[in-house]
Amino acid sequence: MESLLHDWTESHGAKFEKEIVTFKHGLNETGLFTDEALIDLLEKHPSELLDVCTMGDPDHPVYPNRFRTGDFRGVSGEVLVQAAKAGKVWINIRKGMNIHPEYKAVLDRMYGDLGEALSQKPYNAHGGILISSPIAQVPYHFDKTHIILWHVRGKKRIYIYPETEEFIPDRAYEAKMLRYLDDDLPYTPEFDQHAQVFDLENGQAVTWPLNSPHRVDNREFCVSVTTEYSTKESKIKNANMVANATMRHKFGIKSSYRESSQTHRQLKSLLGYGVKKAGLVPNDKVLDMVTFKIDPAASNFIADTEPFERNF
Ligand SMILES: [Fe+2]
C-alpha cells in the first residue's frame, strides 16, 4: 500500500521532534473525511467522546467571549455538519481515530509509515478529528505530549512560537500540571513577531518540538486530525514539572527544569511519579456546564438553554 507520507525525505526525519516540520499526507484519499463519511461517523460515535461547542459572541448578554458546551442529543450527523458549516459551532470527535476499526486502520498506517520513515517502532498514538468553523480560534497554549496536526481540508492558519522560557515559562508549565492556576499561558500580541505562521494546505501536516506554544485560526469550515503520543522525554519532563510544582507550592523551593542536568531530571522524575501515585495531584476535572443546544431552527443552530451539568 502507498505510504500516507507523501513528500517525506531524510531531511524531514533529521528535523522531526527537533524543529517545526511540515509534510504532505494522504488522509484525503482514504475517503474517511468527506462530509458523508463524517456524518456516518457522528451518527455512531459515543456521545461521551463527542464535544459540540461554540464561543459566546462579544455582545452575548450572559456568555460574552466564553467557551460554551452544547447539547447535541437527538441531532443527526447531517445537522451537526450543517451547524459547523454555518460558522459558529465546532465539533471535536475525541478518540475518533482509535475506536472505529476503519479509522484505526488509517491511524495505524499513519504511524506505521512514520515509524518506517524514522527507522523506529511506531509510537502508540491517540487521534481525534476536529470539524471546525471560523468561530473556533484555539488560543495560545501548549500541549503536554507530542502533537502532529494532519490538516485535511479548509483554510487553517497556525502560529507556532519558540519553546523558550520567554514564551513558555517553567512556572506556567508547572501550573498547568497541577492546576494551581486556572490561567491560560501568558500571551501578548508582540509574541507573534517571533512566531512561524503556516497557512495549511489541504493534505498538509505540521508538527513541532515538544511543548512549543501555538494557536490556531480557522478561516472557514475545516476538517483536521490531531494525533498525540508520549515519549520518554515527555514523560520525564511532565514528572519533573509535577515534582517542581509540588516543591514550589508546598515548601517554597524553586527549581528550574530548563537548568537541570539530564541525570537530575531522571532522578527527579521519580519524585514526580511518586507525587502522582500518592494522589497529591489535584483532580483536573472541571465542571462542564451545558448552556445551549443544537437547533436547526435557531440562528446559527444555537439555542440557549438553562445551564445544566453535562450528563451525556
Ligand atoms: Fe495544541
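Numerical summary
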quantity	calculated
The chain, relative contact order in percent, only Cα pairs under 8 angstrom and at least six apart counted	21
Simple label model, 7 Å out from Cα along Cβ direction - GLU19 to ALA278, nm	4.4
Cα convex hull of the chain, projected area averaged across orientations, nm²	17.4
Span from the the stretch 270-312 Cα centroid across to the the stretch 1-69 one, whole angstrom	20
Whole-Hz couplings from phi, Karplus 6.51/-1.76/1.60, listed for the stretch 187-192; x for Gly and Pro	9, 10, x, 4, 4, 4
Net +/- balance of residues flanking ASP170 in space, Cβ distance below 12 Å, scoring K and R +1, D and E -1	+1
Mean residue ellipticity (222 nm) of the chain, computed from DSSP H runs ≥ 4 via -39,500 (n - 2.57), nearest 500	-9000 deg cm²/dmol
D (Stokes-Einstein, µm²/s), Kirkwood Cα radius, the stretch 232-281, 0.692 mPa s at 37 °C	309
Added length on full extension, which subtracts the Cα-Cα distance from 0.36 nm per residue, SER119 to LYS250	42.8 nm
17 Å cut-off, amide nitrogen to a point 7 angstrom out along ARG157 Cα→Cβ, residues in the stretch 207-241	214-222
Fully extended contour minus Cα-Cα distance, from ALA37 to LYS232, at 0.36 nm per residue	66.6 nm
Added length on full extension, which subtracts the Cα-Cα distance from 0.36 nm per residue, GLU220 to PHE312	30.3 nm
Length-normalised contact order of the stretch 3-155 in % [C-alpha pairs under 8 Å, at least 6 apart]	23
Mean Cβ neighbour count within 10 Å, used as a protection proxy, ranking 38-50, 85-97 highest first	85-97, 38-50
Per DSSP, loop trypsin sites (Lys or Arg not before Pro) in the stretch 252-312 with at most 12 further Cβ within 10 Å	LYS254, ARG258, LYS285
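Readers should treat all values here as calculations from the given coordinates under stated rules, not as data from a laboratory. Bear in mind the structure is a predicted one, so any value in this text is a computation, not a measurement. As a convention, Cβ positions derive from the backbone with ideal geometry for all residues, glycine included, and neighbour counts pool all protein chains shown.
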